[in-house]
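Q: Following this message is one structure expressed as structure tokens.
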Amino acid sequence: MLSHRLDWRAQDGAGELVSETMLRHSNELFFRERMPWRLGMVKLDCGPIVVAHLHGDCAAPPSRVTVRANLDRAGQAALVAVPEKETPKHG
């Protein structure tokens, strides 16, 4: 159930890359200069499925990844998936 009273908890971002696509055209100059651009759907271990930018080292699906929220050049949050082994483990 959706509610404004959700209990937020930190998650480690671990998940499985379940599909990917290659963006080959964009009206946005930033993306246009960097084509092709990989995007993928990641099923997070904590439940939700998210769309994320894929790091070039991510293996084709199905593969394990870690999703991080990075700030883009405009200061907006962008989800980026990296290979699971690249993310330091905290314990």
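Q: Let me spell it out: the conditions are (1) surrounded by 15 or more Cβ atoms within 10 Å (Cβ to Cβ); (2) closer than 17 Å to A77 by Cβ, and V51 meets all of them except one. Which number is the exception?
A: (1)
Q: Looking only at the stretch 1-27, count how many residues are free of Cβ contacts under 8 Å to residues at least 40 places away in the same chain and surrounded by 10 or more Cβ atoms within 10 Å (Cβ to Cβ).
A: Looking only at that region, the number is 5.
Q: From the list R32, R64, exactly one residue is in contact with a Leu (Cβ under 9 Å, 6 or more places away or on another chain), over 14 Å from Q11 (Cβ atoms) and among the basic types (K, R). Which is it?
A: Criteria check complete, one pass: R64.
Q: Could you say which residue among V51, V65, V82 is within 13 Å of the chain's Cα centre (by Cα), within 15 Å of T21 (Cα to Cα) and without any contact (Cβ under 8 Å) to a residue 60 or more places away in the chain?
A: V51
Q: Can you give me the number of residues within the stretch 37-52 that are modelled with pLDDT under 95 and touching a Leu at 6+ places or on another chain (Cβ under 9 Å)?
A: Counting residues in the stretch 37-52 that are modelled with pLDDT under 95 and touching a Leu at 6+ places or on another chain (Cβ under 9 Å) gives 1.
Q: A further question follows. Give the residue, chosen from V82, V42, that is in contact with a Gly (Cβ under 8 Å, 6 or more places away or on another chain) and not in a loop (DSSP other than H, G, I, E, B).
A: That would be V42, the only listed residue that is in contact with a Gly (Cβ under 8 Å, 6 or more places away or on another chain) and not in a loop (DSSP other than H, G, I, E, B).
Q: Restricting to the stretch 55-74, name every residue that is at pLDDT 90 or above, open to solvent by 40 Å² or more (accessible area, probe 1.4 Å), of a type outside the set (A, V, I, L, M) and not in a strand (DSSP E or B).
A: Hits for the stretch 55-74 are H55, G56, D57, P61, P62.
Q: Follow-up. Kindly provide the set of residues from the stretch 28-47 that are of a type outside the set (D, E, K, R), open to solvent by 50 Å² or more (accessible area, probe 1.4 Å) and more than 24 Å from A74 (Cβ to Cβ), ordered by number.
A: Result: C46, single match.
The values are calculated or read from the model by the stated rules, or taken from the named source; none is laboratory data. No experiment lies behind these values; they were computed from the predicted model shown. Quick reminder, even Gly has a Cβ in these numbers, built from the backbone with ideal geometry, and neighbours come from all protein chains shown. We work out accessible area using only protein heavy atoms, side chains counted, and drop any ligands, DNA or RNA first. Shrake-Rupley method; radii C 1.70, N 1.55, O 1.52, S 1.80 Å.
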